[in-house]
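Worksheet for the structure shown next.
Since every read-out is calculated from the coordinates, none of them should be taken as a lab result. The shown structure was predicted, so the numbers you read here are calculated from the model rather than taken from an experiment. Cβ placement follows ideal geometry from the backbone for every residue including glycine, while neighbour counts extend to all protein chains displayed.
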Amino acid sequence: MAKNINDLIAEFDKLKLHPGLPKYSGNDVSEMEKKVECELPPDFKATMEVGYISKGTFHFLPVSRYGKDNKFVIFGKWNENIFMFDTTQNSPNFPIFQITPASLTPERCFDDFYDWLKSVLNSVSTMNFPD
């Protein structure tokens, strides 16, 4: 099955975890890219343009370069873990790395933003609607 970010966002809508505020315009996303001096992944940009996803311990953060290693762009926090794009990869969909409180060394955890966001969806779905 092909990855489709719009289908994934629709799943958040069904859970009412995607309130649609704040939404970012294409210009806002362009400003984010200027700030970090790189093009952000298309699925991330699409998610920002439909609205903010925030539930419990998950939050998007303002994009910024990771101070200890400039190749990483921070975009989110889940519990105490920080999530970042590895911008050295030659792909529109950068792999996702995380930093945990136990280890301040970035570790690869997902192939791309879509896989990461699907993991967030699965986690919040299970927490809010257990079988």
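Each of Leu104, Leu40, Leu61 has some number of other Cβ atoms within 10 Å of its Cβ, and from fewest to most they run Leu104, Leu61, Leu40. Alpha-carbon geometry of the chain: the Rg and the Dmax are 14.2, 44 Å, given in that order. With neighbours defined as other Cβ atoms within 10 Å of a residue's Cβ, the residues Val50, Val73, Val63 order from fewest to most as Val50, Val63, Val73.
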